[in-house]
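Participant: One structure coming up, written as C-alpha cells, with questions to follow.
The values are calculated or read from the model by the stated rules, or taken from the named source; none is laboratory data. Worth saying up front: this structure is predicted, and the values here are computed from it rather than measured. In this analysis, Cβ positions are derived from the backbone assuming ideal geometry, glycine residues included, and neighbour counts consider all displayed protein chains.
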Amino acid sequence: MYSSESLTSYTKCQAHISFLHAITGCDTTSAFFKRGKTKVFKLFEKRHDLIDCAEVFTNIGSSPDIILTNGTRFLLAMYGVPNKIDSIDKYRYLNFVKNTRNNKFVQLSCLPPTSAAAYQHLCRVYYQVQVCLGNELDPENWGWVLKDNSLEPIQTLLSPVPEKLLNTVF
C-alpha cells in the first residue's frame with residue numbers, strides 16, 4: 001500500500017484503514033515479521049468476520065477485554081490459524097513444536113507474539129486508531145510508558161523466561 005489510490009481495489013478496507021494501518025505496523029506500532037499490509041488487506045477483503053474485529057477498535061468505549069478478544073482473533077487470522085484454535089499462546093507453542101519435531105530451523109521472528117506482548121500491541125493499535133479519529137486518550141493506559149519525558153512502548157509485562165526455568169539453568 002503506497003498511496004490512497006492503491007485502496008480502490010480494497011473496498012472493505014477503506015472504512016477501516018486506520019485500524020489496518022496500525023495493526024500491520026506504522027510509526028507508532030510495530031509490524032509483524034512477514035505479515036505485510038497487502039497480505040492483510042487481501043485477507044480482510046475475504047474474511048467478512050474480521051470487520052467486526054476492526055470495528056471494536058473504532059468504538060471509543062471498547063474495554064481492554066473486548067479489544068484483546070477481537071484483536072487476538074484478528075492476529076490469529078493474520079497468521080492463518082485454523083478457527084478451532086483461539087489462543088495465540090497455544091498456536092505459538094504448536095507451531096514451535098511442529099517445526100522442532102521436523103528438525104527444522106525455527107525462525108522465532110516468524111512466530112506470533114505471546115498473548116502478553118499481543119495485548120500491549122493491541123492496546124497501542126487501539127490508542128492509534130482513537131487518535132486518528134480525533135479522540136484523546138491517555139497513552140499510559142494504552143501500551144505506553146513515560147520514561148525520561150519520552151513515551152516508550154511496553155513490550156510485555158511478563159518476564160521473557162519463567163522464573164522456574166531461570167532457577168534450573170542458573
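Participant: Only one of 124, 92 is touching a residue at least 60 places away in the same chain (Cβ under 8 Å) and surrounded by 16 or more Cβ atoms within 10 Å (Cβ to Cβ). Can you tell me which?
Facilitator: That would be 124, the only listed residue that is touching a residue at least 60 places away in the same chain (Cβ under 8 Å) and surrounded by 16 or more Cβ atoms within 10 Å (Cβ to Cβ).
Participant: Something else: When the residues of the range 86-123 are filtered to those that are part of a loop (DSSP other than H, G, I, E, B), of a type in the set (S, T, N, Q) and closer than 14 Å to residue 73 by Cα, which remaining residue is nearest to the chain's Cα centre (by Cα)?
Facilitator: 114
Participant: Moving on. Scan the range 104-131 residue by residue and report those that are under 12 Å from residue 57 (Cα atoms) and either out of contact with any strand residue (DSSP E or B) (no Cβ under 7 Å at 6 or more places or on another chain) or modelled with pLDDT under 95 (or both).
Facilitator: 122, 123, 125, 126, 127, 128, 129, 130, 131
Participant: For the subset of the range 144-167 comprising residues that are in a loop (DSSP other than H, G, I, E, B) and among the polar types (S, T, N, Q), which member is modelled with the lowest pLDDT?
Facilitator: 159
Participant: While we're here: Report yes if some residue within the range 16-28 is free of Cβ contacts under 8 Å to residues at least 40 places away in the same chain, among the polar types (S, T, N, Q) and part of a helix (DSSP H, G or I); otherwise report no.
Facilitator: Scanning the range 16-28 turns up no residue that is free of Cβ contacts under 8 Å to residues at least 40 places away in the same chain, among the polar types (S, T, N, Q) and part of a helix (DSSP H, G or I).
Participant: Against the conditions (1) basic (Lys, Arg); (2) at pLDDT 95 or above; (3) surrounded by fewer than 18 Cβ atoms within 10 Å (Cβ to Cβ), where does residue 101 fall short? Just the number, please.
Facilitator: Among (1) basic (Lys, Arg); (2) at pLDDT 95 or above; (3) surrounded by fewer than 18 Cβ atoms within 10 Å (Cβ to Cβ), residue 101 violates only (2).
Participant: Considering each of 61, 80 in turn, give the residue that is closer than 26 Å to residue 145 by Cβ and surrounded by fewer than 21 Cβ atoms within 10 Å (Cβ to Cβ).
Facilitator: Exactly one of 61, 80 is closer than 26 Å to residue 145 by Cβ and surrounded by fewer than 21 Cβ atoms within 10 Å (Cβ to Cβ), namely 61.
Participant: Hey, any hits in the range 59-72 for a residue that's touching a residue at least 12 places away in the same chain (Cβ under 8 Å) and not in a helix (DSSP H, G or I)?
Facilitator: yes
Participant: Continuing with this model, one more query. Which of the following residues is free of Cβ contacts under 8 Å to residues at least 12 places away in the same chain, polar (S, T, N, Q) and either farther than 24 Å from residue 33 by Cβ or touching a Lys or Arg at 6+ places or on another chain (Cβ under 9 Å) (or both): 102, 149?
Facilitator: Within the list 102, 149, the selection yields 149.
Participant: For residues in the range 43-58 being surrounded by 19 or more Cβ atoms within 10 Å (Cβ to Cβ) and touching a Lys or Arg at 6+ places or on another chain (Cβ under 7 Å), which is farthest from residue 128 (Cα to Cα)?
Facilitator: 44
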